[in-house]
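Have a look at this one.
The values are calculated or read from the model by the stated rules, or taken from the named source; none is laboratory data. All values reported here derive from a predicted model rather than from experimental measurement. Note: ideal-geometry Cβ built from the backbone for every residue, glycine included; neighbour counts use all protein chains shown. SASA here: full protein model, heavy atoms, side chains in, ligands and nucleic acids out. Shrake-Rupley method; radii C 1.70, N 1.55, O 1.52, S 1.80 Å.
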Amino acid sequence: MKTKTFQQRLDTAFPYDTYANTLRALREGIAAGDDVIKGTLMFSSGVGDDLRGLIRRAGILMRFEEMCKAGDLPFKCALTPMPRGTWHWLNIYSGDCHGHIVRTEDPARFPEDTPNRQDARASNMPDLFETEEERIVRLAPPKLYTWLTYRAAPDGRLSHALWQAPSANADEWLARINLMAVVVQKKSEDAKRPAKVDPKSKMKLKDNVVSMIDKKKKNDDTKL
């Protein structure tokens, strides 16, 4: 049986019919984060701008998880602590792929905050057991580690969104899907347009962000 290429594995795990709702999860998560900043007194100063990336990330993870649980996205996911520090990330599983959502400056660049992600990408190695001898048993390849990379402009518009499989050995891509380049959307669902915010999502995210900040402050106080 012929082994699938990295691109085939990525395409199978994240098929075309999931592109629109993946973009929707990103857009609505970004919009929810921005709305929390606008509507929260403690973020009305420059502090809100300082935390904008963090709060947008919280909104994206929450919205992506909600859509997976609702069946709008056919992926399995779980919010878990990161290997290092006190932060969390959303583990996403589909087919034989395992991924995380990360922000990147442009479509080709790797994320800057990668130290606790490098171990995960170490599994993205070519199959060393591709053999010409039938006596060697083929082992099942490990899950392909992937990133859903994105960036939002200051006004909330989505700049790019790609599923990408990073190489374990260098800053290069083994496989890529540019969601914004291939998805065909209605004008009312333009991926570059900031999304409207569901009031329920806004309140839930606001509570989550305030709780997260309080928890981090308590952890910092215990170190003093």
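Work out, step by step, the length gained on full extension between residue 168 and residue 155: first 0.36 nm times the residue separation, then minus their alpha carbon distance; give nm to one decimal.
1.3 nm
For residue 103 and residue 72, what is the calculated FRET efficiency with R₀ set at 30 Å and r taken between the beta-carbons, to the nearest 0.05?
Efficiency computed from Cβ-Cβ geometry: 0.85.
Would you mind calculating the gained length between residue 3 and residue 40 on full extension (0.36 nm times residue separation, minus the Cα-Cα distance), in nm to one decimal?
Full extension from residue 3 to residue 40 adds 8.1 nm.
Counting only protein heavy atoms and using a 1.4 Å probe, what share of the accessible area of region 1-68 belongs to carbon plus sulfur, as a whole percent?
The value for region 1-68 is 56 percent carbon and sulfur by accessible area.
Let me ask something else. Calculate the translational D of region 1-78 in whole µm² s⁻¹ from Stokes-Einstein, where the hydrodynamic radius comes from the Kirkwood formula applied to all Cα pairs, the temperature is 20 °C and the viscosity 1.002 mPa s.
Reported coefficient: 151 µm²/s.
Stretch residue 96-residue 112 to full length: gain in nm at 0.36 nm per residue minus the Cα-Cα span?
3.2 nm
Once you put a point 7 Å from the Cα of residue 21 and another 7 Å from the Cα of residue 87, both along the Cβ direction, what distance in nm separates them?
Those two pseudo-labels are separated by 2.8 nm.
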